[in-house]
Amino acid sequence: MRRERRLPIEQLAPVLLELPPLPPPTGPTPDAIPVLDWSAIFGNTRPVEIEIGFGKGLFLLTASQACPDINFLGIEILRKYQLFTATRLVKRGIGNVRLVRADARDFLRQRVGSESVQAIHIYFPDPWWKKRHWKRRLFSGDFPAQCERVLRPGGRLLVVTDVEEYHRLIQGLLAECPLLRPMPPPEPGQPQHDLDYLTNFERKFRKEGRPIYRLAYERRTAETGRKALGS
Ligand SMILES: C[S@@+](CC[C@H](N)C(=O)[O-])C[C@H]1O[C@@H](n2cnc3c(N)ncnc32)[C@H](O)[C@@H]1O
């Protein structure tokens, strides 16, 4: 990881969302655990967008400055990336981002309220190539249904991957979510400088000339979902 001297934890505290450990996934149902109160976390009632697996945090850094009226929550399973990105945010005085270290699959299910999120961003999720590791994939189990549940009507799910097979699998899983309507994904422009990319992985893969697969969905209301299904 490129060295950006990490600030002491006390200085990072304002952007770190430190929560008691989640109960095991087989434990209490989501209703038994209080979901997070976004206004208490961010100190305002602005819309909330989530990025899952933010890595070195380029998207959060760019998006939070471009959209100061949006609150961003980053969920990352690795503590080192949480602290690395927190340092970048604090050094730039960014106040509309919080970072939590968690497995996003459990976190969405157990801590995020239904229809409480304006967008979910998932950029270059780990493909976990080996079959015996597939259970570690983000898009597994009830994760697609949880994305559908937490998005508010009109909210968006944006997914980008460089892996064609994983792209097809994700597309298939999301096709089973009746409230998610596929839409044309945003296409990036020509980068003007080295930080003008969606994420670090996107920069690496575009520079290598690899194909990149983009997916976008809009969350329907339950009523429009039923109409679309003809029921
Ligand atoms: C391939 S990297 C992409 C990082 C960044 N999005 C980018 O495009 O540069 C995938 C990231 O997802 C994180 N990750 C993997 N599984 C996760 C999970 N279940 N919950 C949260 N983060 C996860 C990894 O630690 C890693 O930082």
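For region 35-72, how many residues are buried (at least 20 other Cβ atoms within 10 Å of the Cβ) and either within 21 Å of ARG137 (Cβ to Cβ) or of a type in the set (Val, Ile, Thr) (or both)?
Adding up the residues that qualify gives 8.
Hey, TYR166 hits all of (1) outside any helix (DSSP H, G or I); (2) farther than 27 Å from ARG88 by Cα; (3) not aliphatic (A, V, I, L, M) but one; which does it fall short on?
(1)
Hey, among the residues in region 109-144 that are of a type in the set (Gly, Ala, Ser) and crowded, with 17+ Cβ neighbours inside 10 Å, which one's farthest from the ligand (Cβ to nearest atom)?
Among residues in region 109-144 that are of a type in the set (Gly, Ala, Ser) and crowded, with 17+ Cβ neighbours inside 10 Å, the one farthest from the ligand (Cβ to nearest atom) is SER116.
Can you tell me how many residues within region 178-195 are out of contact with any strand residue (DSSP E or B) (no Cβ under 8 Å at 6 or more places or on another chain) and over 18 Å from GLU51 (Cβ atoms)?
7
Check off (1) in a loop (DSSP other than H, G, I, E, B); (2) over 20 Å from the mean Cα position of the chain (by Cα); (3) surrounded by 15 or more Cβ atoms within 10 Å (Cβ to Cβ) for PRO211 and give me the number that stays unchecked.
Of (1) in a loop (DSSP other than H, G, I, E, B); (2) over 20 Å from the mean Cα position of the chain (by Cα); (3) surrounded by 15 or more Cβ atoms within 10 Å (Cβ to Cβ), only one is false for PRO211: (3).
Six or more apart or on different chains, Cβ atoms under 7 Å: show the pairs whose first residue is in region 1-16 and closer than 18 Å to LEU78 by Cβ and surrounded by fewer than 10 Cβ atoms within 10 Å (Cβ to Cβ) and whose second is modelled with pLDDT under 95 and among the hydroxyl-bearing types (Ser, Thr, Tyr).
Final answer for the pair search is none.
Considering every residue within region 221-228, establish whether at least one is open to solvent by less than 80 Å² (accessible area, probe 1.4 Å), closer than 19 Å to LEU138 by Cα and not in a loop (DSSP other than H, G, I, E, B).
Scanning region 221-228, I find no residue that is open to solvent by less than 80 Å² (accessible area, probe 1.4 Å), closer than 19 Å to LEU138 by Cα and not in a loop (DSSP other than H, G, I, E, B), so the answer is no.
Residues checked against (1) at pLDDT below 95; (2) among the small types (Gly, Ala, Ser); (3) closer than 21 Å to ALA40 by Cβ:
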| site | (1), (2), (3) |
| --- | --- |
| GLN82 | no, no, yes |
| ARG105 | no, no, no |
| VAL112 | no, no, yes |
| SER116 | no, yes, yes |
| PHE124 | no, no, no |
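The values are calculated or read from the model by the stated rules, or taken from the named source; none is laboratory data. Fair warning: this is a prediction, and the values are worked out from it, not measured in the lab. Using ideal geometry, Cβ is built from the backbone for each residue, glycine included, and neighbour counts are taken over all protein chains shown. Accessible surface areas use protein heavy atoms only, side chains included; no ligands, DNA or RNA. Shrake-Rupley method; radii C 1.70, N 1.55, O 1.52, S 1.80 Å.
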